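Quick notes on the structure that follows.
The values are calculated or read from the model by the stated rules, or taken from the named source; none is laboratory data. Predicted model, so just to flag it, every value in this text is computed and none were measured. Cβ placement follows ideal geometry from the backbone for every residue including glycine, while neighbour counts extend to all protein chains displayed.
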Amino acid sequence: MAGSMMNDIRTVGVIGAGQMGNGIAHVCALAGYEVLLNDADAARIDAALDTIRKNLNRQVHKTTIKQADMDAALKRIKGAAKLGAFDACDLVIESVIEQADAKKQVFSDLRPVLKPETILASNTSSISITRLAATTDRPDKFIGVHFMNPAPVMELVEIIRGLATSQETYDASIKFVQSLGKTAANAEDFPAFIVNRVLVPMINEAIYTLYEGVGSVEAIDKAMKLGAHHPMGPLELADFIGLDTCLSIMQVLYEGLADSKYRPCPLLVKYVEAGWLGRKTNRGFYDYRTTPPTPTR
C-alpha cells in the first residue's frame, strides 16, 4: 500500500518561497516531480524562481547536472499565487516562518483545497509534529520532512512521525526522500528533533561566549573552524541560518524541555529585536555590506 501511495506522488506543492522553500522546490523538480510554489507575497515567488534558475545553472557549471536536466527541471516548476491550485497536489510541503500560528494558518487555508489522499508535510525545524497535525483534517497523513539548509546541497532529511501518522504515510515519505537522492534519518517527535537539538544550542553557547566577553566574533569563529574543523564558525553559521530562526528554535527547546541550559542568550534576543537577522538582512554578527564582511562586535 505504501508503494502505491508513493507511486501516486507526481505533483508536489511547496508553500513558502524563501531560502528553504525554493531549495525544496529545486530538488523536487530536479528529481522529476511537477512542482507548484506558493508564497503569501507573490513577488517572493518570482524571486525564488530566479534563485532556482541561478542555483541550477551553478550545478551545470560544476558539471553535477547536465543542461538538459536544468531545462527540464525549470519546466516542471510553476508559481502558484493562490492555494486553490494545490488541489492537484499529491504531496504538500509547508515551509513558512518557524512560528506555530503561521503554520497552522496555512493548514487551515489548505483544508478545503486538498484531495483526501494528499500527504501534508511540514519542514519545521523544531515544532511538534503531533501538535501541528492535530490542527489539520488529516493527522494520519501528516508528517515532518525536515530538509537541511541549503536543500540542493545537503544530503540529509529528517523524517518525524506524529502520534497519529500512519505507517503508510511514513513509508511513502521515506521513499519520496530517497527518490530525491537524499538520505532519510528517523527522528522522534521531541523539540528540535536531532540536528537542531545539537546544533542550535551550540550556536547559542557561542553567542553566550561572545556576550560574556570570552572572545570576539572573529576569535570564536576562527577557534571553531581551526580548532574543531567546522567548515563555518558558529556565528557565521547563525547568520546563514537566520538569527530569528535560531531564536525560535531555542525558544521551542526552552519551553518544551523546561531546562535552563536552553535559555536563549540575551544578545541573540537583542540582535533579533534590532532586525539584525544575518545574511538575509545584510547584518547580524557580521555586516555583509562590506567585502569581506565585518564583525559587528
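Quick one: which strands (runs of 3 or more DSSP E) lie wholly within the stretch 28-108 and hold at least 3 residues that are of a type in the set (S, T, Y) and in the same structural domain as V145 (by TED's automatic domain parsing)?
Because the criterion is at least 3 residues that are of a type in the set (S, T, Y) and in the same structural domain as V145 (by TED's automatic domain parsing), no strands (runs of 3 or more DSSP E) in the stretch 28-108 meet it.
Within the stretch 140-179, count every residue that is over 15 Å from N123 (Cα atoms) and in contact (Cβ under 8 Å) with a residue 40 or more places away in the chain.
Qualifying residue count for the region: 7.
Of all residues being more than 16 Å from R131 (Cβ to Cβ) and surrounded by fewer than 22 Cβ atoms within 10 Å (Cβ to Cβ) in the stretch 97-114, which is modelled with the lowest pLDDT? Just the residue, please.
Per the stated criteria, the residue is I97.
Give the residue, chosen from L268, L253, L247, L237, that is part of a helix (DSSP H, G or I), buried (at least 17 other Cβ atoms within 10 Å of the Cβ), in contact (Cβ under 8 Å) with a residue 12 or more places away in the chain and in contact with a Cys (Cβ under 7 Å, 6 or more places away or on another chain).
Answer to the check: L268.
Pick from T169, T165, T183: which is modelled with pLDDT of 95 or more, within 17 Å of the chain's Cα centre (by Cα), farther than 15 Å from E94 by Cα and in the same structural domain as S95 (by TED's automatic domain parsing)? So that I can check it myself, show each step before the final result.
Working: T169 fails: within 17 Å of the chain's Cα centre (by Cα); T165 fails: within 17 Å of the chain's Cα centre (by Cα).
Going through T169, T165, T183 in turn, just one is modelled with pLDDT of 95 or more, within 17 Å of the chain's Cα centre (by Cα), farther than 15 Å from E94 by Cα and in the same structural domain as S95 (by TED's automatic domain parsing): T183.
Go through the residues of the stretch 125-133 one by one and say whether even a single one is free of Cβ contacts under 8 Å to residues at least 40 places away in the same chain, surrounded by 19 or more Cβ atoms within 10 Å (Cβ to Cβ), in the same structural domain as I97 (by TED's automatic domain parsing) and assigned to a helix (DSSP H, G or I).
Checked against the condition, which is being free of Cβ contacts under 8 Å to residues at least 40 places away in the same chain, surrounded by 19 or more Cβ atoms within 10 Å (Cβ to Cβ), in the same structural domain as I97 (by TED's automatic domain parsing) and assigned to a helix (DSSP H, G or I), the stretch 125-133 yields at least one hit.
Return the total of residues in the stretch 271-297 being surrounded by fewer than 21 Cβ atoms within 10 Å (Cβ to Cβ), outside any strand (DSSP E or B) and not charged (D, E, K, R).
So the first thing to find is which residues in the stretch 271-297 are surrounded by fewer than 21 Cβ atoms within 10 Å (Cβ to Cβ), and the list is 272-276, 279-282, 287-297.
Adding the requirement that they be outside any strand (DSSP E or B) leaves 272-276, 279-282, 288-293, 296-297.
Pick out the ones that are also not charged (D, E, K, R) and you get 272, 274-276, 281-282, 288, 290-293, 296.
The number of residues fulfilling the criteria is 12.
Take the residues in the stretch 82-130 that are under 22 Å from C246 (Cα atoms) and among the acidic types (D, E), then tell me which one is farthest from the chain's Cα centre (by Cα).
D101
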